Structure formats: structure tokens, C-alpha cells
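Reviewing the structure listed below.
The values are calculated or read from the model by the stated rules, or taken from the named source; none is laboratory data. Here the structure is a predicted model, which means the values were calculated and not measured. Cβ sites come from the backbone with ideal geometry, for glycine too, and all protein chains shown count toward neighbours.
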Amino acid sequence: MNPDITVDHHNCLDDKSLQVSPFLLENETEYKIWRARKLDCRRSCNVSEVFGLDQGKLFSQLTLERQKQHLEAYNFIIFESEDLLGKQEFLNINQQFGLYSPDSNQGSDADAVTSLRVVSEADELSQYIPYTNRALNWHTDGYYNPFGRQISAFALYCVNQAEKGGDNFFFDHEIMYLLIRDTAAELMEALMCPDLMEIPANIQGNRIVRAQESGPVFSIGRSGTLDMRYTSRPRNIVWKTDKRSQRALSLIREILMDSDAVIDIRLNDGQGIVCNNILHGRRAFHEVAGGSSRLYYRARYYQTIYPGRRAGLSGAA
């Protein structure tokens, strides 16, 4: 492997979890064990299973145990509540998965929860697609964040669904890694290069809202887990132009277009998703005049859900 490749944004190269991570190309035995377990879990889990909350608006311990295999298989779970949740109740659910201290961003409220709704054209947030009714193409959350604030998990909660459209689609980033490594392992080095993608600074007027950032598509986190940064948007991103990098990016696009691993989900009011930072997008939607507007809560986190299981480490709970 190219020694210039940065595989861990915490620079913990001597960390035992990293050394045995199945996502290091030299760890072929660990990769085969992880791959077999991953595919076996997917065969034994129902991707559309919805997990209910108990009377305290949390998951029971038994439900949490059942969810572990589902998360290992698909990297997300769907949940539902009989009564609509407030933002603090939404955060409490996420904490059951070890997700604390959500990432604050330009559109989030004081509690770091973002209310995703269509805003007026006069609102400065209207320049960002999540605050419109337009379609969102494939991306991972916070791909423009610096490495010290890399998003590893996020949660969504549907307070009010659009009358028409607004469905989400998902693609497990670990399956993307698996398909690329099985198809063209030599391209994985290009996808782990720290200068593969560059996001120009976001400058509004004379104010720098976000500094320029660069990074890889795939990287290995502190616990040996896999992180992914990606966006399909053509604007405000610069990719390396060498042949190997372009081949790797073309393969990602081909897989997203043709793979049967794409999962379509339409959340109903009172349903939500807790997931590691998998690839996802949203279809355009329409709202009826005089009706309730589409509203989702979103929280982003730096932690990974069940990191030991995600990395395929021996002895993980």
C-alpha cells in the first residue's frame, strides 16, 4: 500500500483496532471473515423491519440487542413512535446507541438538532438544497467537515411527511467498499488518498462560513471502522483527475446506478432512522397549499454505532 495514504484521521497507526481492521488492504484474512459475516447478516435480517419504542419512548434492552445484527447487516434501523417525539426525546433515542453531543452546523438549532423544512427565499438557508423541496443526490453527511469533526453517524425523524414525494434512498457504505474491493481492489488506494476530493471554502460576502477542506472517500476510524465521504453533486467539489482516481469514481457511480443494494424508504409521520453515515439521498417533493409542511429532525454525530461490531473485531459485543 502507498505509504502516503492516510487511513486514520486520528493518526493512531499503533492502535490495535486499526492494525486488525478488515478495511486495511493488507488484512486479507480479516476482510474475508468480516465479508462473510456481513453478507450472512444481510441474508438473515429483514431490511424493512420497524422497531417500536416502549412506554418511556425508548428502546427496551431486548430490542437493542435485536437491533445489533440489523445494524451490522445494513448500518441503519427504522423506528416508530405512537406519539410524535419532541427534539429532546429524539436525542434520547440516539443516546441509546452511544451517540452523544450532536454536531452543530449552520442550520441547526441551539440543541444541535436541525429542523429540515422548506424555508422562504429570503432565508439564507434557501441556497442549500436540504431546505428546499428539490431532490438531494447521493452523498454522505458532512463530507465537507474537517477530519476532526468527521460525521460517522446521523439520525432522522419524520414529524410530517410531504404529501407527494420526499422519499429517501440509502446505500450501505460498507457494501460499497465490499463491491469495489471485490471488483477492483487496486482502486481502493486511490479512494483512500487524502487529496482525492477538495471542497472549496464557502464564502458568503466577505465572511468565510467554512474553510477549504480536502480528504479521501474512504478512511479508517479510530476503532478500525470504515468512514466514507462522498457527494454526487457536480458543483463546489474538485476531484483528482488522474486516470486511477477517475476510474475509481466512475465505478462508484456505476454501482449506485445499477446495484440492487439501493434501499428505498418512505418514512411516515412518527418514524425515524438511526444509522452510521451511509450514502443517502432524497427525492423531490410537493406540498399542498394550506397543508402541513414537510418537517424532519436531523442530528449528526462523530461517534460510530457499535464500533467493535462494525469493524468486525474479535471479541466484540
Being surrounded by 15 or more Cβ atoms within 10 Å (Cβ to Cβ) and charged (D, E, K, R) is the filter; apply it to region 245-292 and report the residue that is nearest to E186 (Cα to Cα). R282
Residues satisfying the stated conditions in region 109-129, i.e. free of Cβ contacts under 8 Å to residues at least 60 places away in the same chain and either over 22 Å from N92 (Cβ atoms) or crowded, with 16+ Cβ neighbours inside 10 Å (or both): V119, S120, E121, A122, D123, L125, S126, Q127, Y128, I129
For region 252-279, which positions are farther than 19 Å from E80 by Cβ, touching a residue at least 60 places away in the same chain (Cβ under 8 Å) and not β-branched (V, I, T)? L256, S259, A261, N276, N277, L279
Output for region 270-305, where each listed residue is at pLDDT 95 or above and on the phi > 0 side of the Ramachandran plot: G270
Looking at A201, is it without any contact (Cβ under 8 Å) to a residue 24 or more places away in the chain, among the aliphatic types (A, V, I, L, M) and farther than 30 Å from L91 by Cβ? yes
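So which of L91, L18, L24 ends up being modelled with pLDDT under 95, touching an Asp or Glu at 6+ places or on another chain (Cβ under 9 Å) and not in a loop (DSSP other than H, G, I, E, B)?
After ruling out the rest, the residue left standing is L18.
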I want to confirm something. Restricting to region 221-244 and keeping residues that are within 24 Å of R300 (Cβ to Cβ) and of a type in the set (D, E, K, R), which single residue is surrounded by the fewest Cβ atoms within 10 Å (Cβ to Cβ)? R235
Pairs where the first residue, in region 135-163, is touching a residue at least 24 places away in the same chain (Cβ under 8 Å) and the second is part of a loop (DSSP other than H, G, I, E, B) and among the β-branched types (V, I, T), C-beta under 7 Å, 6+ apart: D141/I151; G142/I151; N145/I151; S152/T304; A153/T304; A153/I305; E163/V288
Is it the case that G98 is under 23 Å from D227 (Cβ atoms) and buried (at least 19 other Cβ atoms within 10 Å of the Cβ)? no
Please work out if N145 is polar (S, T, N, Q) and surrounded by fewer than 17 Cβ atoms within 10 Å (Cβ to Cβ). no
Whichever residue in region 202-244 is under 21 Å from N137 (Cα atoms) and of a type in the set (G, A, S) and, among such residues, is modelled with the highest pLDDT: S232
